[in-house]
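Read-outs: derived from the displayed coordinates by stated rules, not from any lab. Here the structure is a predicted model, which is why all the values come from computation and not from measurement. Reconstructed Cβ throughout: ideal geometry from the backbone, glycine too, with neighbour counts over all protein chains shown.
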Amino acid sequence: MKTTVLTYLSRNMLELPQIIRCLSDDEKQDIVHLRKQGDQHLCSLRKENLSSWKDLETESARYVFTLKGSEDSGDWHALTELPFRADKWCFTTVVLYNYLYIIGGYRQRIKRGWEFSMASFRYNPFTHTWVATSPLIKHRRHFSAVACEGCIYAVGGWYLDSLVTPDSSTALYTAVECYDPWKDTWRFVSSLPLTDFHFTMSLSHDVPLAASLGHCIYVLGSIQRTGEKLLLQYNTKQDTWTELLPTLTRADADLPTLYCLGATDQLLVIGGNNSNNVVTSFCVQSQKWGKVHRTEKAALAGQGTVVDDQLLMPSIEHNSVARMDLQTFSLRALPPLPIPIRYEATFYLYL
C-alpha cells in the first residue's frame, strides 16, 4: 500500500507540494528517486522560432519530439504540443526532478502591433500535462538555465524583445535569478561579476554557457578584448562568485566558437574553428585545463546535453542530433528529426 501511495505521489510530486512537505526526509528522497526509474528517452524541441504562420514549418515545429527505438535506427515521434499558440517564441529548457521546464516568452498581438510576453511552463511526462509557472523577473533571451541543488538558475541572456542580431553594444544581463519549484517563485541572487570585462555575444548558443557540478554552477564565456575563455564558479551555498584561473588562451586552443559546456566528473568544453571541432576539459579540484582534442568539424547550435560520457547536441548540417563519444571523440548523427534543425534543445526524460 505504501509503495502504491509513494508511486502516485512521485508521479504528481510538484502538483502536490502541500502533501510532500508533510513526508519524512526519507520518503521525500524515495519519491524523487521514483521519478527517475526506467529508461531515459532522448527528446528535442525547437527552443527558438522566428518564422511566421505563413511558413508551414512553424506548425510542425510546435512539438516536443522523442526518439523511439534505438538511437541508431529509431524514429522521432511527437510527445506533446507546446502549451501556447504563437508563431514566434524563444525559450531555454531545463530538466529538474524529471519535469521539463521551458522558460522565456512568445509573441502576442496587442492593440498596436506585437509584443513578447514572458512565460514559463512545466511539463510532467508521467501525466502528459503542462502547467504555467511563474515567469522570470527579467525579460531574457538566449540565456542559460541550469538545475542545481533542487533549484533552477537563470544566467545571462539579453532583452527578450530584441530580435535583432546582437553586436558589441548589446548588453548581457548580469542579474542571476533562482527558481524554487516548491514555491513557484523567482528571486535574485549574486550577480555575474562582469566588472572589468565582457563576454562575446553569440547566436549559436545561450550566453554565457552554464553547467552544474555538485553544489556549484559554472559559467563559461569568451572575453571580448582577448578571446580568452574564462570560467566562473557560483557557490549556491555561499551565494558567491569566483573566477577560476588560468583562462584558456588562444595559444592554448584555437577555439573562436563555443558550443557547449557540460559536466561529468570534470567540466567539458566543446567548441570549434574553421577546420575542426575542439574538445577540452577543466578539472575543478586541480584548477587545470586538460588536453585539447581536435575532432570532426560539425556546425553545432542550440542546447546540448552530456550524459554518460556522451555529448548530444543539434547539428545543422546533419539535420539531426549529433552524438559525440567523449572518450574516442567520434561523431555520429542520429536519425533525422521530422523538422529542419534551426535552434533546438536536446535533453533526456524518463517517460
Out of MET118, PRO193, GLY214, whose Cα points farthest toward the positive end of the dipole of region 38-350 (charges: +1 Lys, Arg; -1 Asp, Glu; placed on Cβ)?
MET118
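For the chain, go through all pairs of different Cα atoms, get the mean of 1/r, take its inverse, and jot down that Kirkwood value in Å.
On the way: mean 1/r = 0.0478 Å⁻¹.
The Cα-based Kirkwood calculation yields 20.9 Å.
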Return the FRET efficiency for the residue pair HIS293, ARG187: r is the Cβ-Cβ distance, R0 is 41 Å, and the value is rounded to the nearest 0.05.
0.55
Along region 311-328, Karplus-curve 3J(HN,Hα) (6.51, -1.76, 1.60; θ = phi - 60°) to the nearest Hz, with x for Gly and Pro, reads 9, 10, 8, x, 10, 5, 6, 8, 6, 6, 8, 9, 10, 10, 7, 7, 9, 9
Express in whole angstrom the spacing between the alpha-carbon centres of region 244-279 and region 67-99.
27
What is the distance, in nm, between label points placed 7 Å from the Cα along the Cα-to-Cβ direction at GLN40 and at MET118?
3.1
Listed residues THR93, THR129, THR174; largest mean-square fluctuation, Gaussian network over the chain with Cα springs below 10 Å, found at THR129
Spelling it out for VAL307: with amide H atoms placed in the peptide plane at 1.01 Å from N, the residues 5 or more places away or on another chain with amide H under 5 Å from its amide H are LEU312
How far, in nm, would the chain grow between THR247 and VAL32 when pulled straight, counting 0.36 nm per residue and subtracting the alpha carbon separation?
73.7 nm
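To the nearest 0.05, how large is the calculated FRET efficiency for ASN274 and THR4 if R₀ is 35 Å and r is the Cβ-Cβ distance?
Numbers: r = 58 Å, r/R0 = 1.67.
The formula returns an efficiency of 0.05 here.
Beyond a 24 Å Cα-Cα separation, which of these cross-linked pairs lie in this structure: LYS36/LYS288; LYS229/LYS291; LYS2/LYS28; LYS47/LYS111; LYS68/LYS88?
On the way: LYS36/LYS288 33 Å; LYS229/LYS291 15 Å; LYS2/LYS28 13 Å; LYS47/LYS111 27 Å; LYS68/LYS88 28 Å.
From LYS36/LYS288; LYS229/LYS291; LYS2/LYS28; LYS47/LYS111; LYS68/LYS88, over 24 Å: LYS36/LYS288; LYS47/LYS111; LYS68/LYS88.
Tally Lys and Arg at +1 and Asp and Glu at -1 over the other residues with C-beta under 12 Å from the C-beta of VAL146: what net charge comes out?
On the way: positive: none; negative: GLU149, GLU177, ASP206.
Its environment carries a net charge of -3.
Which order do ARG323, ARG21 fall in if you start with the one that has the fewest other Cβ atoms within 10 Å?
Numbers: ARG323 19, ARG21 9.
Ranking ARG323, ARG21 by Cβ neighbours within 10 Å, fewest first, gives ARG21, ARG323.
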For a quick check, take a GNM of the chain with Cα springs below 10 Å and name the residue from LEU245, LEU337, LEU100 with the largest mean-square fluctuation.
LEU245
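Starting with the fewest neighbours, write out THR249, THR4 ranked by other beta-carbon atoms found within 10 Å of each beta-carbon. Provide the component values of the computation, followed by the final result.
Values: THR249 14, THR4 8.
Final ranking by Cβ density, sparse to dense: THR4, THR249.
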